[in-house]
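The values are calculated or read from the model by the stated rules, or taken from the named source; none is laboratory data. Just so you know, these numbers come straight off a predicted model, no measurement behind them. When we count neighbours, we look across all protein chains shown, and the Cβ atoms used for this are built from the backbone with ideal geometry, even at glycine.
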């Protein structure tokens, strides 16, 4: 079960003929269980659900969309911050100085350390 909803395999099933011939029974079952899978040749083709279940899916989708927007805003702010640091007036000189070292870190105050046990 995901987020309070049953998987397709766990839903009660009715074939298309039963749905057509016994609509009222299907409606009663949907009200009792929330959703019913409708099959055609033993393959689930659709799910009939009650309004509360549908609204639950809409709420989950809206929450996911909001989280997505928040994450994108956070990533965008982080990108803007890093871009701003690259556009600082002295960035070019700092990069040139690092490149001129060619791996020689003699005299560097904040030398990189290898591993956690260094």
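For every residue, the table says whether it meets (1) modelled with pLDDT of 90 or more; (2) part of a helix (DSSP H, G or I); (3) closer than 21 Å to residue 59 by Cα; (4) out of contact with any helix residue (DSSP H, G or I) (no Cβ under 9 Å at 6 or more places or on another chain).
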position: 9; (1), (2), (3), (4): no, yes, no, yes
position: 14; (1), (2), (3), (4): no, no, no, no
position: 19; (1), (2), (3), (4): no, yes, no, no
position: 24; (1), (2), (3), (4): yes, yes, no, yes
position: 27; (1), (2), (3), (4): yes, yes, no, yes
position: 31; (1), (2), (3), (4): yes, yes, yes, yes
position: 48; (1), (2), (3), (4): yes, no, yes, no
Report summary line: Picked from the range 16-32 (must be surrounded by 15 or more Cβ atoms within 10 Å (Cβ to Cβ) and either under 27 Å from the mean Cα position of the chain (by Cα) or touching a residue at least 12 places away in the same chain (Cβ under 8 Å) (or both)), the residue farthest from residue 52 (Cα to Cα) is 19
Query raised in the report: Of everything in the range 34-93 that's touching a residue at least 40 places away in the same chain (Cβ under 8 Å) and within 30 Å of residue 17 (Cα to Cα), which residue is surrounded by the fewest Cβ atoms within 10 Å (Cβ to Cβ)?
Result: 57
